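First up is the structure itself, then whatever we jot down about it.
Rule-based calculations on the coordinates, nothing more; no lab input. These figures come from a predicted structure and were not determined experimentally. Please note: Cβ atoms are built from the backbone with ideal geometry, for glycine as well, and neighbour counts cover all protein chains shown.
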Amino acid sequence: MLMKKRLNAIILCIGLLNSGLFSHNVIKGKVLDDNTNDPLHGANVLINGTNYGTATDAFGNFVLKTDSSDVFVKVSYLGYETKELYITDPLNELVILLKPRPLKFEEISVQSSFINDVHTIADVDLHLRPFKSSQEVLRIMPGLFVAQHAGGGKAEQLFLRGFDVDHGTDVNISVDGIPVNMVSHAHGQGYADLHFIVPEIIENVDFGKGPYYADHGNFTTGGYINFKTKTSLDNNKVGLEVDQYRTVRLLAMANILGQNSDLFKQRAYIVTNYMQTEGYFDSPQNFNRLNLFGKYSNYISDNRLLELQLSTFTSKWNASGQIPERAVDSGLIGRFGAIDDTEGGFTGRTNFSANLLTLLENGGSIRSNLYFSKYDFELYSNFTFFLEDAENGDQIRQKEDRRIFGYQLQYDNDVQQGNTEISNTYGIGLRYDDVNDNELSHTVNRKTTLDTISFGDVDESNIYAFFNKTYNIDRFTFMGGARVDYFNFEYVNKLKTEYKTLYKNRFAISPKINMFYNLNDKIQLFAKMGVGFHTNDSRVVLEGDIDEILPLAYGSDIGFIYKPIDRLILNTTFWGLLLNQEFVYVGDAGVVEPSGKSQRIGVDVSLRYQLTDWLFADIDVNWAQPRLVDEPAGENYIPLAPTLTSAGGLTFKLPNNIDGGLRYRYIDDRPANEDNSVVADGYFVVDGLVSIILNNFDIGLSIENIFNTEWKETQFDTETRLFDEEQSVSEIHFIPGTPFCAKVKISYLF
């Protein structure tokens, strides 16, 4: 009853809160890493024994208001020792140094007003899990499953909350504010290739499930993931990795300012990563990728931080593509064989970004983010073999040349009104995609173009504004916000003799509400409601003259995070999502076509348990029921949408610098077509890892698919015809998952 009264008061009187300020003593301070003197962003500063407190900003600064001049303050940060201070003179600014220490679940709090229900889980996972690839980085979101394409050449296929996300249609992905998803991409709407990121430079991951976040727009129907790269490196490193399939990975990471960085408050580092492999397929993949990454950070003054980032990567490969079950069952090809081994491609991306964070005298901050990306893509695929062209085959080329420009300005500030703490966020931004020569052609052997199916230029602009207001009252937190997006779609079809620009524009308004209630120091309850959207492909919208350009998604979550004992954390969420329009990727046409309405309901459960000081267990279980709304029962399944998934494992971190673990991934059988007459097989795969640091050497062994399970990583119900077949056949086509694979690494730290 008390919670209900507070909620009604907030909703009905949100603009009439008491404006008179209570008298407060103000405690100011800075929290730093004791080893490096780097600021600790997001450290918790609480008045001991209460749920009242704050978190440090990007400079490590905090401001804490209290009614008493004598107070106990508790300062904590995951992976660091906790300090308790008795403060008798609030006028003196504090400098608090925290020493790194092994992770202890006892120090994790679920009662603070600024704790997010899923971020606690993410912070734990980041401290425990090693990342071997961009796939591993994506799996940091509980319930997100990844299926690799072409040895890392293409963006991965993603699955989340009953979505076959394809390559990113329903998950918004960004890195340091740079958007990864591509609108109106040659290979599919929302295409998100994360391979320009080297996993060793990831500092933290911010993510959320559902359409509940005002600062995240297009594609945030299933959720969002934002990766933050490190400001500086812990060590310089050179490393080598090899495996039994002639894979070689070389890594070099170096801080380039040396000892002067502390003196001038500057940080800079560069990273080089090169990988090549023939792969485990019968036809060598000849895959190679080169990554270069550099970042410069400068604390210009006590209230201003500048970050500059430049990265580039290039990749090329051959691929065996999807193979039909009948070809393997008949012995025509082996499990790792190919019908058309001339598939493959090239891709490259160069990113530049500049971020400026300024703290204002009123305690607020302004963050400016400017970015530019140049992107090239060329992909050869053959989804149907000889279905359309019995003589030359059905190979297609998808190609584009893209440039992305963007800017975002965000203002944040906190105010105190009576006994209510209010946090305000306001933002505006622009993204412009200039896509030239977006092409789909029928080819032979990657050399000869038989005919061009589509060829044109896409220009797509997105202007947006958002706000979010957070009210903290004792145990209750209310977050209300909204987002307004304006899109302009333009397309020029270069195959037509007359020049004509097709265009449309639309607005989308997306309200959001998030509520948290700390029932006690062990349980936090939450409820979320919001509207999101995913845009359709400009070519489909304009040439098909489709009105449903920005189909909306309506979502709601309700759940709790529970810490029944000091070393156990449980997060449970019941959720539902209704989409005005489902998208279906059409491979041979290379576009996303609209389907009908869909609805999804589900349950997400995450558990993290510290069995001993050095042994940790985790498990995620995700159940969903995805259905098409306008189709009759029995014919309303959503192809390839996952229904039951689970991931977890055991991780150990010993005090003598030995760590590792075992991890599993499980996905249940799921419908491959609308009437469930064709089924995509599930799988259960176990991986292992162990590493040790001896002097300055880091030596490790990792094994993928320990039990050598025969599993299908990607699966599609596709109609195809082989060269010697008179009739086409519709059945499961798949790319086999990794067999048993042992990888050895050795790195030198200095």
> What angle, in degrees between 0 and 90 and rounded to the nearest 10, separates the Cα long axis of helix 2-12 from the longest principal axis of the Cα atoms of the chain?
Replying inline: 80 degrees
>> Can you give me the convex hull volume of the Cα atoms of segment 367-459, divided per residue and expressed in Å³?
In response: 131 Å³
>> Quick check on packing: order 417-423, 442-448 by the mean number of other C-beta atoms within 10 Å, highest mean leading.
In response: 417-423, 442-448
> Any idea what angle helix 119-128 forms with the longest principal axis of the chain, computed on alpha-carbon atoms, 0 to 90 degrees, nearest 10?
Replying inline: 80 degrees
> What aspartates and glutamates sit close enough to Lys496 to cross-link, taking a C-alpha to C-alpha distance under 18 Å and skipping anything fewer than 8 places away on the same chain?
Replying inline: Asp437, Glu439, Asp451, Asp457, Asp459, Glu543, Asp545
> Considering only Cα-Cα distances, which of the following residue pairs are longer than 20 Å: Lys99/Lys295; Lys30/Lys74; Lys230/Lys512; Lys512/Lys563; Lys28/Lys104?
Replying inline: Lys99/Lys295; Lys230/Lys512; Lys512/Lys563; Lys28/Lys104
> Taking the mean number of other Cβ atoms within 10 Å as a proxy for protection, how do you rank 505-512, 53-60 from highest to lowest?
Replying inline: 53-60, 505-512
> In the calculated pair distance distribution of segment 406-530, what percentage of Cα-Cα distances lie above 20 Å?
Replying inline: 65 percent
> So what does log10 I(q)/I(0) come out to for the chain at q = 0.05 Å⁻¹, using the Debye formula with one equal point on every Cα and no solvent?
Replying inline: -0.25
> Put +1 on the Cβ of each Lys and Arg and -1 on the Cβ of each Asp and Glu in the chain; which of Ile601, Phe145, Ile201 then has its Cα farthest toward the positive end of the dipole?
Replying inline: Ile201
> For the chain, with the dipole built from +1 on Lys and Arg beta-carbon atoms and -1 on Asp and Glu ones, taken about the Cα centre, which of Gly649, Asn419, Tyr191 lies farthest toward the positive end?
Replying inline: Asn419
> What ratio of Cα Rg to 2.2 N^0.38 Å holds for segment 21-101?
Replying inline: 1.03
> Looking at the chain, what % of its DSSP beta bridges pair antiparallel, to the nearest 5?
Replying inline: 95 percent
>> Quick check on the exposure proxy: order Leu85, Leu158 from fewest to most C-beta atoms within 10 angstrom.
In response: Leu85, Leu158
> Assigning unit charges at the beta carbon (Lys, Arg +1; Asp, Glu -1) and nothing else, what dipole magnitude in debye, to the nearest 20, does the chain show about its Cα centre?
Replying inline: 2620 debye
>> To the nearest 20 Debye, how big is the dipole of segment 21-101 about its Cα centre, given +1 on the beta carbon of each Lys and Arg and -1 on that of each Asp and Glu?
In response: 120 debye
> In whole Hz, what ³J(HN,Hα) sequence does segment 438-444 give by Karplus (6.51, -1.76, 1.60; θ = phi - 60°), x for Gly and Pro?
Replying inline: 6, 10, 10, 10, 8, 10, 10
>> A 24 angstrom limit on the alpha carbon distance is what I want to check against. Which of Lys65/Lys209; Lys228/Lys265; Lys154/Lys712 exceed it?
In response: Lys65/Lys209
> Stokes-Einstein D for segment 268-308 at 10 °C, 1.306 mPa s, Kirkwood Rh over Cα pairs, in µm²/s?
Replying inline: 119 µm²/s
> Any idea which of Ser461, Tyr432, Ser311 is furthest toward the positive side of the dipole for the chain, if Lys and Arg beta-carbons carry +1 and Asp and Glu beta-carbons -1?
Replying inline: Ser311
